[in-house]
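The values are calculated or read from the model by the stated rules, or taken from the named source; none is laboratory data. Computed from a predicted model, the values in this text were never measured in an experiment. Every residue, glycine as well, gets a Cβ built from its backbone with ideal geometry; the counts of neighbours run over all protein chains shown.
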Ligand SMILES: [Cu+2]
């Protein structure tokens, strides 16, 4: 619709943009460079070139934003803008994010750092930036309407505070959140301890990622923003398996993984082959006496969990959300269960009416993994991913922890598939079927048969009920 009112508003915005460009060239030059990222790959850790030293994190399928030091202040520049994000090879989504990607780049600072972040808005609507979990002056908290005016399209706001508390944090808008978070606007913030901390161990590998979800109709590219629960793409850092990079570590490395949840539901994150402890949340490190071992930790909405373990078992270990529908890609949920229902006859009849009709699910859904049906453009199969022994039949929130003796310190490259030592792998059994002991003629082990009493009759001791007796009564014989 083109109304007179909109015309004037648009003209005003245009004038403002033009004058901003002509007036504030000096001001823009004074901003830190807004570094852009075009690729969805996992970038190697960004070693700090200035400021206090720290061991940087690795953002899964993401990157860390470079900073500049300006008279003792660490300066960053985030640009909120529409981006194109490859969710996995074969599917690219039109999202909103920061500096070319969704999620935005990870911000890494050190406890006690003075931090200044410029946030430029290149979206078609206003936004703001909330620094989830931080101790900061109230006016820096980024809740539009409550603590600040919203950042209008074309404007740059500056946030400044001291990173007081070490830990794992997030950032996201607090303006039209439902839209802006459903469109992918979020990022991680890591504050490293300034020196040795009694509750924060040094680790060899420190990974981080966000849990996020989109609802994108097959064949389209823009998320539905009104969806509350029925998302169809369950992501780690806006990627789905097999697009999520593997976590590659050296045997006996101490590993930390920081995970934040900005979806609309909880995710029980599960690691195979190892036990971990939850060592911290976005509220800070957990006292050592309050930690317990787990193999799954549930991460509720708006929470962060930081888990640690020693990777002392070599292999390719699955690492995934334990909600089985979250390890699948786009699918309809209105599909009846067809297990045990022969459909070929029916399919033949329906095909005469509906040429593309396809029977599915007759022997379970695993057949979907190998299906060669043509897909609409820009869509991923429901479950996919080839392993060394066939289809993995997974999608969504799934990746692999690869533990190898030969992985060099600082090397994050994929070592390929694990070579199982002889005799350490489940294999096809071709010998005779072992007889179950219970069916053994001699009586078996688990539940021995009662030996018949002499004379062939069995003495059943029946306890007569006292109060319910009498003819026709329901005695317990
Ligand atoms: Cu999940």
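Looking at residue 286, is it surrounded by 15 or more Cβ atoms within 10 Å (Cβ to Cβ) and within 16 Å of the ligand (Cβ to nearest atom)?
No: the conditions fail for residue 286.
Per-residue answers, yes or no, for (1) at pLDDT 95 or above; (2) part of a loop (DSSP other than H, G, I, E, B); (3) surrounded by 12 or more Cβ atoms within 10 Å (Cβ to Cβ):
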{"site": "305", "(1), (2), (3)": "yes, no, yes"}
{"site": "326", "(1), (2), (3)": "no, no, yes"}
{"site": "329", "(1), (2), (3)": "no, yes, yes"}
{"site": "332", "(1), (2), (3)": "no, yes, no"}
{"site": "337", "(1), (2), (3)": "no, yes, no"}
{"site": "345", "(1), (2), (3)": "no, no, no"}
{"site": "355", "(1), (2), (3)": "no, yes, no"}
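Do we find that residue 195 is more than 16 Å from the ligand (Cβ to nearest atom), surrounded by fewer than 19 Cβ atoms within 10 Å (Cβ to Cβ) and either in contact (Cβ under 8 Å) with a residue 40 or more places away in the chain or part of a strand (DSSP E or B) (or both) in this structure? Criteria not met by residue 195. Scan the stretch 289-333 for residues that are closer than 19 Å to residue 165 by Cβ and either within 16 Å of the chain's Cα centre (by Cα) or within 16 Å of the ligand (Cβ to nearest atom) (or both) and jot them down. Answer for the stretch 289-333, where residues must be closer than 19 Å to residue 165 by Cβ and either within 16 Å of the chain's Cα centre (by Cα) or within 16 Å of the ligand (Cβ to nearest atom) (or both): 302, 303, 304, 305, 306.
Per the listing 137, 82, the residue uniquely out of contact with any helix residue (DSSP H, G or I) (no Cβ under 7 Å at 6 or more places or on another chain), free of Cβ contacts under 8 Å to residues at least 60 places away in the same chain and closer than 28 Å to residue 244 by Cβ is 82.
Condition check ((1) at pLDDT below 95; (2) in a strand (DSSP E or B)) across all residues:
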| position | (1), (2) |
| --- | --- |
| 87 | yes, yes |
| 96 | no, yes |
| 107 | no, yes |
| 117 | no, yes |
| 134 | no, no |
| 153 | no, no |
| 164 | no, no |
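Table: residues versus (1) crowded, with 18+ Cβ neighbours inside 10 Å; (2) more than 16 Å from the ligand (Cβ to nearest atom); (3) modelled with pLDDT of 95 or more; (4) part of a loop (DSSP other than H, G, I, E, B).
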site	(1), (2), (3), (4)
380	yes, yes, no, yes
386	no, yes, no, no
410	no, yes, no, yes
413	no, yes, yes, yes
417	no, yes, yes, yes
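If you check 180, 155, which single one turns out to be more than 16 Å from the ligand (Cβ to nearest atom) and closer than 29 Å to residue 72 by Cα? Residue meeting the stated conditions: 155. Summed over the stretch 228-253, the residues that are surrounded by fewer than 23 Cβ atoms within 10 Å (Cβ to Cβ) and within 15 Å of the ligand (Cβ to nearest atom) give a count of 2.
Residue 257: within 16 Å of the ligand (Cβ to nearest atom), outside any loop (DSSP other than H, G, I, E, B) and either within 25 Å of residue 86 (Cβ to Cβ) or modelled with pLDDT under 95 (or both), yes or no? Criteria met by residue 257.
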